[in-house]
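Single-structure report; data block below.
The values are calculated or read from the model by the stated rules, or taken from the named source; none is laboratory data. What you are looking at is a predicted structure, and each value in this text was computed from that prediction instead of being measured. Neighbour counts run over all protein chains shown; Cβ positions are idealised from the backbone, glycine included. Keep in mind that these areas ignore ligands, DNA and RNA; they rest on the heavy atoms of the full protein, side chains included. Shrake-Rupley method; radii C 1.70, N 1.55, O 1.52, S 1.80 Å.
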Amino acid sequence: MTVVPGGGDALDVAQAAFERVEADPSAAALLAERALRLARRRRHAEAEVAALHALSFAQHELGDGRAIRTIRRAVRCGERHGLTRRTALARRRLALDLASRGAIAAAIRELDLAYAALDEHEQARSEVFRIAVLWYAGTTTGPLNGTDGALAVLRQRGDAFWEAQLLRNRGGFLLERGETVRAERDLTRARELFADLGAAAAASAIELELARSPLIRGDLPECLARLDAIDASAVSPRIAAELLLVRAQATAAARLRGEALQALRESQAIRKRSGRDDHQGRLEAIRLTLLAGDAIGARALGLRTQRSFAAQRRRVFGARAAVLTLAASVAAGDVHRSEVRSGRRAAKTLAAAGWHTEARRAQLMVARAAIELGSPAVARGEFAGCSLLLRRGPVADRIEAWHVQALLRLGSGDRAGALRALGAGLGLLEVYRETLGASDLRANASEIGVELAQLGLRVALGGAGKDAMLAWADRLRANALRTTRVTAPHSPELRDRAAELRQVSAEIWRDERGQRASRVLLARQAALETTIRRLSRHATGARARRSAPPSRRELTGALGGAALVELIELDGSLTALALVAGRLARHELGPVAPVNEELEWLRFALVRLARRGHGAAQRGAMLQGAKASAERLGERLLAPLTDRLDGRGVVIVPTGSLHALPWAMLPQLQGRPAVVAPSAATWLALQSSRTELRGKVVLAAGPRLRHARSELAALQRLYPGAITLGGRAATVDAVMHALEGASVAHLACHGHFRADSPLFSSLELADGPLNAYELQRLRRPPRLIILSACDLGTPDTRPGDELLGFAAALIGMGTRAIIASVAPVPDSGAKRVMLALHDHLTAGASAPVALAKAQQSLSARGHAQPVFVCLGTG
């Protein structure tokens with residue numbers, strides 16, 4: 001680094017400013033302005049051009065929209081004074097700024113003029129700009145041809161700074177082409193060179209490129225971990241915008257729509273302030289709009305973006321926008337033949353420009369659209385060109401390829417072949433899901449395969465046989481809970497943030513009781529939750545295991561005398577599959593919308609009943625309303641099956657919002673042992689373990705629960721050797737230690753279900769909340785856990801009937817049975833149910849039988865509503 005004294009030569013000061021840009025663009029801009037003042041005062045034209053050049057470079061890094069005006073002034077000044085070399089150097093910078101704003105033709109002209117005026121060394125440096133300009137143009141062929149020779153020149157001259165620049169740009173290009181191994185080699189070397197030169201900002205920018213590599217490879221946890229390791233506050237606005245864009249892409253790949261949209265909006269805002277063309281952001285906006293379910297909006301946005309790119313003559317980016325527009329039309333069910341033709345042209349444009357993965361993706365989408373239009377010949381032709389995606393490529397593309405293969409086979413009458421193709425696609429999803437170590441990432445991943453599972457179910461229900469119906473009904477249902485159990489990452493930072501969140505949450509609860517609200521505390525709570533979410537997503541999964549859906553014979557053997565009722569929602573209608581004594585029957589239950597509406601009325605009534613202060617008449621009216629809703633739900637869901645169920649115990653596999661239904665309130669199930677399971681496969685897997693009351697028993701009570709102390713005292717008489725924690729002793733750490741390896745755990749606490757973030761659903765303990773994230777630290781969770789708390793049996797349901805929440809986390813960890821409420825319940829009512837439940841448990845009844853007996857007797861006497869469910873298995 002050049003050392004510049006206070007009164008140094010103007011040219012030296014300008015050169016020092018240029019060299020400082022990568023390390024500290026703000027300081028470099030100030031130094032360049034000083035050099036500019038000094039050059040003008042001394043009428044030093046070359047120093048003035050150099051100062052303007054350095055200032056423009058710094059402004060570019062800072063996202064300052066004045067960068068292009070500054071570099072134009074440098075070019076004009078150089079031309080005016082006949083400074084050929086200095087002018088050529090400024091033209092390179094101008095070419096880059098023009099390209100970043102979409103003026104590709106003008107950028108290439110400036111670059112050609114610069115090359116003609118430079119020597120071999122500077123031409124080697126110019127490869128940095130040529131790659132960048134052609135990347136903005138959208139082509140990945142050609143730009144790398146001269147890089148080896150340029151690198152040899154730069155190394156011969158000992159020009160480490162420009163060698164690092166060139167390696168960085170080449171590495172970025174290789175990433176675009178999917179050559180991640182070569183790309184990481186170039187990028188890693190560039191990072192080392194920048195670090196040796198003290199260019200910390202440039203090294204940080206390369207960390208961002210290295211974070212993109214695992215995203216392209218499909219390693220989402222590593223990508224998120226690398227992104228989180230970058231200090232966003234220490235990078236320039238330009239890098240900050242790119243960091244947010246990559247985060248948007250990563251969270252979109254994880255189907256975290258809200259987070260992806262927020263990151264994209266923030267990235268676009270930074271780029272808009274700098275006046276820089278956000279071509280990649282515009283493409284991501286189409287993709288995210290489509291991912292959010294707004295196919296019409298995505299199509300309109302795609303058409304506008306295509307026109308914009310066409311006006312800029314950016315054919316490659318226009319082709320990418322055309323493919324996304326076609327995908328939106330397919331999702332909207334309104335494909336036009338002109339869009340198929342446009343898609344075919346886009347695929348050829350992308351292939352010619354070297355965007356081979358994008359070209360195959362375009363062909364795949366054209367094939368899908370051609371099937372929709374009834375053009376199988378076109379579909380087969382396009383699919384033949386991209387069938388490589390069946391074997392390799394991004395997992396979402398491979399799954400879509402198997403989907404298209406299934407549609408083609410179905411169109412030719414090969415139903416069995418279609419089901420095999422769909423099974424292969426879902427097998428890929430199963431392997432991919434196992435690589436993820438976080439509950440929310442696993443649950444959201446299932447969305448990738450929803451269309452395949454639905455198509456398989458349609459084929460099965462259309463006559464593929466009863467065993468196929470049962471298998472496909474369970475094929476994509478709560479699969480995230482059947483993978484290798486989630487374990488929290490071994491991260492000291494994660495534990496520290498969890499402990500701090502506990503303290504902050506406890507302070508917020510105290511403030512709320514005092515009717516005070518601290519915005520500072522709430523903001524800190526939100527920040528801590530964001531950090532915990534991000535750190536938890538760094539966990540990786542175990543080695544992939546593939547498992548077939550359970551057979552009818554396996555389920556019949558495990559059910560014994562009980563019945564299995566699996567509910568299916570498909571195309572707006574409900575179907576029930578009932579397996580009784582080895583015989584499978586199908587029952588059409590009608591539209592799902594009235595069922596969901598009735599469930600909302602029932603839950604509304606239960607919430608009002610749980611509140612205090614109602615008079616007897618008002619309470620009676622609300623109770624009648626709740627019972628009426630339960631009767632109507634029973635008529636719709638179970639009345640058609642009553643004869644087959646014949647008084648048996650029932651294993652219910654719900655769908656959608658029905659996971660939040662208090663099933664014991666339905667007249668057909670009152671007094672009958674019932675288990676609610678996420679899937680038949682999960683229920684069967686949990687059957688292999690047994691719960692013994694002779695093992696360790698844990699009784700714990702949280703604060704602010706009026707009947708908790710007396711509830712625990714009564715239970716101690718039933719379990720004289722139990723570990724009992726109450727009052728100040730019932731801390732999160734103490735309860736977690738006690739729960740490890742317990743046979744039975746009873747937790748009497750206030751429960752908080754978080755619909756906005758289900759894994760922060762929690763039990764209130766003496767020193768703060770015990771949430772699902774912390775719960776996942778248990779190596780051996782209790783075999784039976786009873787939650788005498790409100791709402792913690794309620795899950796958040798994701799596509800593919802994936803469940804997230806407190807109880808769902810326990811099932812995913814291997815807890816055999818959970819008894820919890822799916823609606824608010826008064827403290828006194830919960831206590832009565834719990835004491836009666838444990839009376840039956842200690843008398844030898846299984847969990848579902850004990851719960852059924854306890855709730856029936858208390859409900860009949862009007863002491864409590866039967867809102868508790870037995871989750872998992874019996």
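Summary of the geometry: segment 702-748 and segment 127-203, compared by the centres of their Cα atoms, lie 61 Å apart. Working from Cα positions, state the angle (0 to 90°, nearest 10) between the long axis of helix 25-42 and the longest principal axis of the chain. Compared with the principal axis, the helix lies near 20 degrees.
Counting only protein heavy atoms and a 1.4 Å probe, tell me what percentage of segment 177-329's accessible area is made up of carbon and sulfur. Using a 1.4 Å probe with all protein chains present, segment 177-329 comes out at 53 percent carbon and sulfur.
Radius of gyration over Kirkwood radius for segment 365-489, both on Cα atoms: the Rg/Rh ratio is 1.01.
Projected over every direction and averaged, the convex hull enclosing the alpha-carbon atoms of segment 594-722 yields 11.2 nm². Within the accessible area of segment 606-670, what % is carbon and sulfur when the probe is 1.4 Å and the other protein chains stay in place? With neighbouring chains kept in place, the figure for segment 606-670 is 47 percent. Relative to the dominant Cα principal axis of the chain, helix 200-217 is inclined by about 50°. Out of every Cα pair in segment 109-230, what percent are spaced more than 24 Å from each other? Cα-Cα pairs of segment 109-230 separated by over 24 Å account for 27 percent.
After finding the eigenvalues of the alpha carbon gyration tensor for segment 212-273, what semi-axes result from the square roots of 5 times each, listed largest first in whole Å?
Whole-Å semi-axes of the equivalent ellipsoid: 19, 14, 9.
Is the C-alpha gyration tensor of segment 202-309 telling us rounded, prolate or oblate? Criteria: a/c under 1.5 is rounded; beyond that, a/b larger than b/c is prolate, otherwise oblate. Judged from the Cα gyration tensor, segment 202-309 comes out oblate (a/c at least 1.5, b/c at or above a/b).
Put simply, the amide H of Gly671, placed in the peptide plane, has neighbours under 5 Å in Gln856, leaving out anything fewer than 5 places away on its chain. Shown here are the Rg and Dmax of the Cα trace of segment 434-483, at 12.4, 38 Å.
Shape analysis of segment 793-874 places it in the oblate category; the axes a ≥ b ≥ c from the Cα gyration tensor give an a/c of at least 1.5, with a/b not above b/c. Ligands, DNA and RNA aside, His538 has an accessible area near 50 Å² when probed at 1.4 Å.
Counting only Cβ charges, +1 for Lys and Arg and -1 for Asp and Glu, the dipole size of the chain around its Cα centre is about 720 debye. Fraction of C-alpha pairs exceeding 13 angstrom in segment 720-768: 62 percent, rounded to a whole number.
Close amide H pairs (under 5 Å, H built 1.01 Å from N) link Ser573 with Val592, residues at least 5 positions away or on another chain. Remark: accessible surface ordering of Tyr719, Tyr115 (largest first) is Tyr115, Tyr719, probe radius 1.4 Å. Segment 421-516 gives an Rg/Rh value of 1.25, both radii derived from C-alpha positions and Rh following Kirkwood. Tell me whether segment 159-238 comes out rounded, prolate or oblate; compute the Cα gyration tensor, take square roots of the eigenvalues as a ≥ b ≥ c, and use a/c under 1.5 as the rounded threshold. Oblate, because a/c is 1.5 or more while a/b does not exceed b/c. Report the FRET efficiency, 1/(1 + (r/R0)^6), for Asp9 and Ala352, where r is their Cβ-Cβ distance and R0 is 51 Å, rounded to 0.05. Efficiency for this residue pair is about 0.50. Extension gain for Leu388 to Ala628 (0.36 nm times residue separation, less C-alpha to C-alpha distance): 80.7 nm.
Taking 29 Å as the straight-line reach from the Cα of Lys627, the lysines in range (excluding those fewer than 8 positions away in the same chain) are Lys831, Lys853. Put a dot 7 Å past the Cα of Arg341, heading toward its Cβ, do the same for Ala416, and the two dots end up 4.2 nm apart. In summary, segment 562-665 shows an alpha-carbon radius of gyration equal to 1.19 times the 2.2 N^0.38 Å reference for compact globular proteins. For segment 272-354, trypsin sites (Lys or Arg not before Pro) are listed when DSSP marks them as loop and at most 13 other Cβ atoms sit within 10 Å of their Cβ; the list is Arg313. The calculated FRET efficiency for Ala106 paired with Ala526, based on their beta-carbon distance and R0 = 51 Å, is about 0.65. From the alpha carbon centroid of segment 65-100 to that of segment 397-434 is 55 Å.
At 1.4 Å probe size, put Phe129, Phe604 in order of accessible surface, largest to smallest.
Heavy-atom accessible area, descending, gives Phe604, Phe129.
A convex hull fitted to the Cα coordinates of segment 46-153 yields 95 cubic angstrom per residue. Its residue count N sets the reference 2.2 N^0.38 Å, and the alpha-carbon radius of gyration of segment 14-95 equals 0.96 times that reference.
Size of the dipole of segment 298-419 about the Cα centre, Lys and Arg at +1 and Asp and Glu at -1 on the beta carbon, nothing else charged, in debye to 20? Provide the component values of the computation, followed by the final result.
Details: 21 positive and 8 negative charges, 95 e Å.
About 460 debye.
Residues Asp643, Asp24, Asp119, ordered by accessible area of protein heavy atoms at a 1.4 angstrom probe radius and largest first, appear as Asp643, Asp119, Asp24. Within segment 703-740, the trypsin sites (Lys or Arg not before Pro) that combine a DSSP coil assignment with at most 11 other C-beta atoms in a 10 angstrom radius are Arg704, Arg706.
Projecting the Cα atoms of Gly768, Leu699, Leu787 onto the dipole axis of segment 676-787, where Lys and Arg carry +1 and Asp and Glu carry -1 at the beta carbon, places Leu699 farthest toward the positive end. Close amide-amide hydrogen proximity is noted between Leu725 and Leu699, Ala700, Ala701, each under 5 Å apart and 5 or more residues distant or on a separate chain (H modeled in the peptide plane; Pro and chain starts excluded).
Tell me, what is the FRET efficiency for Thr188 and Arg510 to the nearest 0.05, using R0 = 41 angstrom and their Cβ-Cβ distance as r? Working from the Cβ atoms, E equals 0.25. Net length available on complete extension from Gln156 to Ala377 is 73.9 nm, with 0.36 nm assigned per residue and the Cα-Cα distance removed.
Solvent exposure of the chain, expressed per residue, is 40 Å² of accessible area, with all protein chains present and a 1.4 angstrom probe.
At a 1.4 Å probe radius, carbon and sulfur cover how many percent of the accessible area of segment 759-874? Reported share for carbon and sulfur atoms: 50 percent. Remark on the chain: ratio of C-alpha radius of gyration to 2.2 N^0.38 Å is 1.10.
Taking the helices alone, the chain has a mean residue ellipticity at 222 nm of -19500 deg cm²/dmol, built from -39,500 (n - 2.57) per DSSP H run of at least 4 residues and averaged over all its residues.
The average projected area of segment 433-592, computed from the convex hull of its Cα atoms over all directions, is 13.9 nm².
At q = 0.14 Å⁻¹, what is the log10 ratio I(q)/I(0) for segment 307-357, with the Debye formula run over Cα points and no solvent? Per q value, in the given order, log10 I(q)/I(0) is -0.34. Rounded to the nearest 10 degrees, the angle from helix 45-62 to the longest Cα principal axis of the chain is 10 degrees.
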